[in-house]
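These notes concern the structure reproduced below.
Just so it is clear, none of the values below were taken in a lab; they were calculated from the coordinates. Keep in mind that this is a model prediction, so the values were computed, not measured. So basically every Cβ, Gly included, is an ideal-geometry build from the backbone, and we count neighbours across all protein chains shown.
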Amino acid sequence: MTSAPRRTQHERRDASRTALIGATLELLDEVGYANLSVADICERAGRSVGTHLHHFGTKSALVAAAVDHLADVRITAMRAELVEHPRSGLDAALDIGWSFYRGPTFLVALELWNAARTDPELRDHLLRVEENIDREALALMSELASGAVGEEDIRGTRFAVASMRGLAMRRALYGDTGIDYAWTQMKPLLLKALS
């Protein structure tokens, strides 16, 4: 009987990081940031607190890494979906932008933004994550709109993003009820403002 080959140090490190990030995302969704503990994350991940400290050092760094990972997964999935179902134009760009706020990550991000208001370390981590998400989302929107959404129209882009975020914030109180209808009402106004 042959045994499985031993995993390399790199593979073990990646497996630990993946397990901790996965457990963090699950627990953030289940209990929220305020009730999230490193001990619970480590227990869920089947890793020690020492493993967490080695890879991330703090709860804030782990949470930021988890949100960054989730955003990367979402961006990759969007790009794959666009390859499978190609579309273009400003209308498509706005729909892609909206999907970042309509999707599963926004309520977690909203909760973390609120926590970051009084947690400077979390705020520093989240600023970097949010800058990456904004950069990727705007690049994707710009690709779809053939340059109609980009640096040359930064005020219009900021207006569109602020409008989407504002609409998405309603989900914290109202859930998803009516959010898609509200988007269909807002999108023509954004199209007009950006045209």
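What's the longest piece of the chain with no exposed trypsin sites (Lys or Arg not before Pro), counting a site as exposed if DSSP puts it in a loop and it has at most 14 other beta carbons within 10 Å?
Details: sites that count: Arg6, Arg7, Arg87, Arg117, Arg170.
The longest such stretch corresponds to 8-86.
Applying the Karplus relation 6.51 cos²θ - 1.76 cosθ + 1.60 with θ = phi - 60° to the stretch 111-128 yields 3J(HN,Hα) values of 5, 5, 4, 5, 5, 5, 4, 10, 10, x, 5, 4, 4, 4, 5, 5, 4, 5 Hz, where x marks Gly and Pro. Evaluating 6.51 cos²θ - 1.76 cosθ + 1.60 at θ = phi - 60° for every residue in the stretch 43-58, the Karplus couplings come out as 4, 4, 7, x, 10, 7, 4, x, 5, 4, 4, 5, 8, 10, x, 9 Hz, glycine and proline recorded as x. When percent of Cα pairs over 28 Å apart is computed from the coordinates, the matching label among (1) 22; (2) 26; (3) 35 is (3). Rounded, prolate or oblate for the stretch 1-81? Axes are the square roots of the Cα gyration tensor eigenvalues, ordered a ≥ b ≥ c, and the cut-off for rounded is a/c under 1.5. The shape class here is oblate.
Computed from backbone phi with θ = phi - 60° and the Karplus coefficients 6.51, -1.76 and 1.60, the 3J(HN,Hα) list for the stretch 87-94 is 7, 7, x, 4, 4, 5, 4, 5 Hz; x is used for glycine and proline. Electrostatic tally near Leu20: other residues with Cβ closer than 12 Å to its Cβ, Lys and Arg +1, Asp and Glu -1, net +1.
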